[in-house]
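The values are calculated or read from the model by the stated rules, or taken from the named source; none is laboratory data. None of the values given here were measured: they were computed from a predicted structure. Reconstructed Cβ throughout: ideal geometry from the backbone, glycine too, with neighbour counts over all protein chains shown. Ligands, DNA and RNA are excluded from the accessible area calculation, which covers all protein heavy atoms including side chains. Shrake-Rupley method; radii C 1.70, N 1.55, O 1.52, S 1.80 Å.
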Amino acid sequence: MNAPKPLLDVWCELQCPDCRSALDDVRALRERYGDRLDLRLRHFPLEKHKHSFAGAQAAEEAFEQGKGWPYVEAVLGRVEEFDRAGESFLVEVAAELGLDSEEFDTALIDGRHILIVDADQAEGKAIGVTGTPTYVIGGERLDGGKSQEGLRARIEEIADRLLAEQP
């Protein structure tokens, strides 16, 4: 039986400019560890961003349709456009990536992913997440909202230790 892979939770919000800056680190971690590290997007919509809750639901729909990370990267890469256009932008990006945009639209209307987003947000608050991006790996919380400086190195250090400890 395989040991569970180390898990890196990335608490993020698709309307957050700091999360866009963190994308380079997330990409580098995905390239370095591939499938040896389980990288999981967790939602922490901030009240100051009025479209962030819809963004979190859209990200869930993108993961369900098999293109979660490309979708997250596409939206974060154009965060100002998302600020201006709101929910219609989320559906537009889905179409650009070849996802079922009608299903996206329906998912945003019927709220099928709200429980996941609510649960993430509640868990984030319970463990002390106050802003985005925040990373949790090996039981350690790393706050990237203030500065990304040195975070990737710290995450790699913890991931390497966790991987070395595996049987």
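Return yes when Gly128 is farther than 15 Å from Val26 by Cα, of a type outside the set (A, V, I, L, M), over 16 Å from the mean Cα position of the chain (by Cα) and open to solvent by 20 Å² or more (accessible area, probe 1.4 Å) and no when it is not. Yes; evaluated as a whole, the condition is true for this residue. Cβ-Cβ contacts under 8 Å between residues 6 or more apart (or on different chains), taken from a first residue in the range 134-161 that is among the small types (Gly, Ala, Ser) and at pLDDT 85 or above to a second residue that is open to solvent by less than 70 Å² (accessible area, probe 1.4 Å) and not in a loop (DSSP other than H, G, I, E, B), are listed as Gly138/Ile158; Gly138/Ala159; Gly138/Leu162; Ala159/Leu8; Ala159/Leu29; Ala159/Tyr33; Ala159/Ile137.
For the range 33-82, taking the residues that are in a helix (DSSP H, G or I) and of a type in the set (Phe, Trp, Tyr), the one that is nearest to the chain's Cα centre (by Cα) is identified as Trp69.
Number of residues in the range 70-89 that are closer than 15 Å to Gln57 by Cβ and either touching a Leu at 6+ places or on another chain (Cβ under 7 Å) or not hydrophobic (A, V, I, L, M, F, W, C) (or both): the value is 7.
Scanning the range 69-93 for residues that are open to solvent by less than 10 Å² (accessible area, probe 1.4 Å), at pLDDT below 95 and not aliphatic (A, V, I, L, M) yields a count of 1.
Looking at Leu8, Leu14, just one residue is open to solvent by less than 30 Å² (accessible area, probe 1.4 Å), closer than 28 Å to Ile127 by Cα and out of contact with any Gly (no Cβ under 6 Å at 6 or more places or on another chain), and that residue is Leu8. Taken together, the residues in the range 17-38 that are open to solvent by 80 Å² or more (accessible area, probe 1.4 Å) and within 30 Å of Gly111 (Cβ to Cβ) amount to 1. When Leu41 is tested against (1) buried (at least 19 other Cβ atoms within 10 Å of the Cβ); (2) more than 19 Å from Asp120 (Cβ to Cβ), just one condition goes unmet, and that condition is (2).
Rundown of residues vs (1) open to solvent by 60 Å² or more (accessible area, probe 1.4 Å); (2) of a type in the set (A, V, I, L, M); (3) farther than 15 Å from Leu39 by Cα, yes/no style:
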{"position": "Phe104", "(1), (2), (3)": "no, no, yes"}
{"position": "Ile109", "(1), (2), (3)": "yes, yes, yes"}
{"position": "Glu123", "(1), (2), (3)": "yes, no, yes"}
{"position": "Gly138", "(1), (2), (3)": "no, no, no"}
{"position": "Gly150", "(1), (2), (3)": "no, no, yes"}
{"position": "Arg161", "(1), (2), (3)": "yes, no, yes"}
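Criterion applied to Leu90, Leu108, Leu115 was being more than 20 Å from Leu23 (Cβ to Cβ), touching a helix residue (DSSP H, G or I) at 6+ places or on another chain (Cβ under 8 Å) and in a helix (DSSP H, G or I), and the one residue passing it is Leu108.
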